[in-house]
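Below is one structure, written out as structure tokens; the observations come after it.
What follows is calculated from the coordinates using simple rules that are stated; it is not laboratory data. In this text the structure is predicted, and so the values were computed from the model without any measurement. As a convention, Cβ positions derive from the backbone with ideal geometry for all residues, glycine included, and neighbour counts pool all protein chains shown.
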Amino acid sequence: MNLIFIFSILPAAQADLSNQADYYVREADVDTALRFLDAVERTFELLKSQPHMGAFTKLSHPVLEKSRFVAIKGFNRILVFYRVQEDRLDVIRVIHGYRDIPALL
């Protein structure tokens with residue numbers, strides 16, 4: 001078992017999370033935004049305990065080189081892209097799977 005001692009959310013991923021939550025507030029309601037943020041927190045806790053659970057990306061973009069991704073449970077179209085290195089996990093981006101991911105990077 002590979003324990004993660006450093007877990008970081010990079011600024012672009014923090015902005016992605018904020019933008020997605022704001023979207024849910026505008027297009028749905030505050031409760032949906034709160035459920036989304038709870039699901040994100042549960043996903044991050046799972047990643048801390050099972051960092052290699054995600055599939056490797058097949059995108060050739062340098063930002064996502066050697067990165068993995070998982071879907072947020074309950075919000076399965078929202079993907080968390082992250083990189084595992086030794087005792088560290090960095091969340092790179094959190095992007096809706098229907099978006100043009102290479103263009104966003």
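Considering the conditions (1) touching a Ser or Thr at 6+ places or on another chain (Cβ under 6 Å); (2) surrounded by fewer than 19 Cβ atoms within 10 Å (Cβ to Cβ), residue 63 is excluded by exactly one of them, (1). Just so you know, in region 41-72 the residues that are more than 11 Å from the chain's Cα centre (by Cα) and among the charged types (D, E, K, R) include one that is nearest to residue 5 (Cα to Cα), and it is 48.
Among the aliphatic types (A, V, I, L, M) and touching a His at 6+ places or on another chain (Cβ under 6 Å) - does that describe any residue in region 84-105? Yes. Considering only residues in region 63-102 that are without any contact (Cβ under 8 Å) to a residue 40 or more places away in the chain and among the basic types (Lys, Arg), the one that is farthest from residue 22 (Cα to Cα) turns out to be 66. Considering region 41-97, the qualifying strands (runs of 3 or more DSSP E), each wholly inside and each with 1 or more residues that are hydroxyl-bearing (Ser, Thr, Tyr), run over 75-85.
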